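The structure under discussion appears below in the form of C-alpha cells.
The values are calculated or read from the model by the stated rules, or taken from the named source; none is laboratory data. Note that the structure is a prediction, hence the values are computed from the model and not measured. Cβ sites come from the backbone with ideal geometry, for glycine too, and all protein chains shown count toward neighbours.
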Amino acid sequence: MIKRLVLDVLKPHNPSVVELSEALSHLEGIDGVNVIIYEIDQQVENVKIIIAGTSIDFENIKKRLKEMGATIHSVDEVAAGNRIVEEVGTPQDKSARM
Amino acid sequence: MSGEDEKLSLPGVVKRLIKRVRAFFQRTRMYLRITQMSPIARRYFIKNGFDGSMTLLGIIVGSWIVGVTKPEIIVTAGLGACLAMGLSGIFGAYMTERAERMRHLKTLEDTMLSDLSGSVLSDASDFVSLYAAFVDGASPILTAVIAIIPFILTLTGTFAIWDAYIVSLALTLATLFSLGLYLGRIAKENMLLYGAITLAAGVITITVALILGAI
C-alpha cells in the first residue's frame, strides 16, 4: 500500500498544474495532491508532484499522467506500508557531504 | 428498488444522461482551455459572420437594382451563397486548424521526447479542429439566413417583395451593427463606435452598389 509518492514530472504548459492536480486528486485511493513548478521552459515545465493517500495505485497515476500529456522523469520518494516513515539524517549523510 | 432496477428506471436513465452531458461540457471546456481556442473561435465567428452578412447584402442590393420581383430567385441565390460559404468555412477551417494543431503537437512531442497520442492534448487537437470547422461554417450561414428570412416570408405571402427588401436590408444592417457591438465588448472599448464602424461597412456597400447600378 503506497501512502506517499514524490515524482519529478515533465509536462506541457497546458493542461495547467490546476487541471493536472485535479485529475490526479480524483483517482481512487488518493487523499491529497501537491504540484509545485520548479522550472519553466518555452514549451514545457518541470513539476514536483507529491501525492498522499491511503492506497495509491502507481499504474493509475502513470496512466493519468500520460493522458494529461506528462511524463515521469523520476520517482523521488515512495512511502508504503501501514505507517509513513520519514527520512532521517544519519552520520553517513554528513560524511558523504564532506 | 435494487441498483439494477434504478439503472433501468426513467429517473435513472435521465440522471445518467445529465451526467454524460455535464461530463461532455466539462471536457469541451477543458479542451478549449488547453488549446486556448476560445479567442480563435471568436475571430472565426465574427469574421465569417461578417462575410455572410456582407455577401447577402450584395445579393439583395444587386437584386433590388436590377428589379428582381421573384423572391424565389433571391432565396435560391442566398441559400446557394449560404451553402458555399458554410462548406468553405467547414473545410477551410478544419484543414487549417488541424494542420496548425498537428504542427504544435509534433513540436511538443519533440521537446518532451515522448509520444502524446492518446493524451488529452491529442484529443483536444482533434476536437478543436472540428469545433473551428463548426463555428467557421455555421457563422456565415446564420448571418446569411437572417437576411433571407423576409424573402422566405414573401414566398409564404406574409410580405410584399418590396417590403421584404426593406426589412431584409434593415435586418442585415442590424446584424452588422450587432457584430460590431460584440467586437466592442470583446475589445472592452466603446461598443457603439465598433457598431457604427461595422454598420458603416454595410452602408458603404449599399451606396457603392447603388451608384454602380445607376451608372
Would you tally the residues in the stretch B:5-63 being of a type in the set (Asp, Glu) and surrounded by 15 or more Cβ atoms within 10 Å (Cβ to Cβ)? 1
Do we find a residue being over 30 Å from B:Ile166 (Cβ atoms), polar (S, T, N, Q), assigned to a helix (DSSP H, G or I) and under 17 Å from the mean Cα position of the chain (by Cα) anywhere in the stretch B:18-27? no
Quick one: would you say B:Leu79 is in a loop (DSSP other than H, G, I, E, B) and either in contact with a helix residue (DSSP H, G or I) (Cβ under 9 Å, 6 or more places away or on another chain) or within 14 Å of chain A (Cβ to nearest Cβ) (or both)? no
For B:Ile146, only one of the following conditions fails: (1) within 13 Å of the chain's Cα centre (by Cα); (2) buried (at least 21 other Cβ atoms within 10 Å of the Cβ); (3) closer than 11 Å to B:Ser53 by Cβ. What is its number? (2)
Scan of the stretch A:38-56 for residues that are under 22 Å from B:Leu105 (Cβ atoms) and aliphatic (A, V, I, L, M), ordered by number: A:Ile40, A:Val44, A:Val47
Right, A:Arg64: touching a helix residue (DSSP H, G or I) at 6+ places or on another chain (Cβ under 7 Å), surrounded by 15 or more Cβ atoms within 10 Å (Cβ to Cβ) and among the charged types (D, E, K, R) or not? yes
Among B:Ala81, B:Ala77, which is the only one that is free of Cβ contacts under 8 Å to residues at least 40 places away in the same chain and surrounded by 15 or more Cβ atoms within 10 Å (Cβ to Cβ)? B:Ala77
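One line per residue, one yes/no per condition, for (1) free of Cβ contacts under 8 Å to residues at least 60 places away in the same chain; (2) of a type in the set (Asp, Glu); (3) more than 11 Å from chain B (Cβ to nearest Cβ):
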site	(1), (2), (3)
A:Leu7	no, no, yes
A:Leu10	no, no, no
A:Ser16	yes, no, no
A:Glu22	yes, yes, no
A:Val35	yes, no, yes
A:Tyr38	yes, no, yes
Restricting attention to the stretch B:116-134, and to residues there that are within 9 Å of chain A (Cβ to nearest Cβ) and without any contact (Cβ under 8 Å) to a residue 40 or more places away in the chain, which single residue is surrounded by the fewest Cβ atoms within 10 Å (Cβ to Cβ)? B:Gly118
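Being at negative phi, modelled with pLDDT under 95 and surrounded by 14 or more Cβ atoms within 10 Å (Cβ to Cβ) narrows it down to one of B:Ala214, B:Ala187, B:Ala164, so name that one.
Just a single option satisfies the conditions, and that option is B:Ala164.
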Could you please find all residues in the stretch B:171-192 being without any contact (Cβ under 8 Å) to a residue 12 or more places away in the chain and touching a helix residue (DSSP H, G or I) at 6+ places or on another chain (Cβ under 8 Å)? B:Gly184, B:Arg185, B:Ala187, B:Asn190, B:Met191, B:Leu192
Counting only residues that are among the β-branched types (Val, Ile, Thr) and within 14 Å of chain B (Cβ to nearest Cβ), which one in the stretch A:41-98 is nearest to A:Pro12 (Cα to Cα)? A:Val44
So which strands (runs of 3 or more DSSP E) are wholly in chain A and hold at least 2 residues that are in contact with a strand residue (DSSP E or B) (Cβ under 9 Å, 6 or more places away or on another chain) and polar (S, T, N, Q)? A:44-56, A:71-80
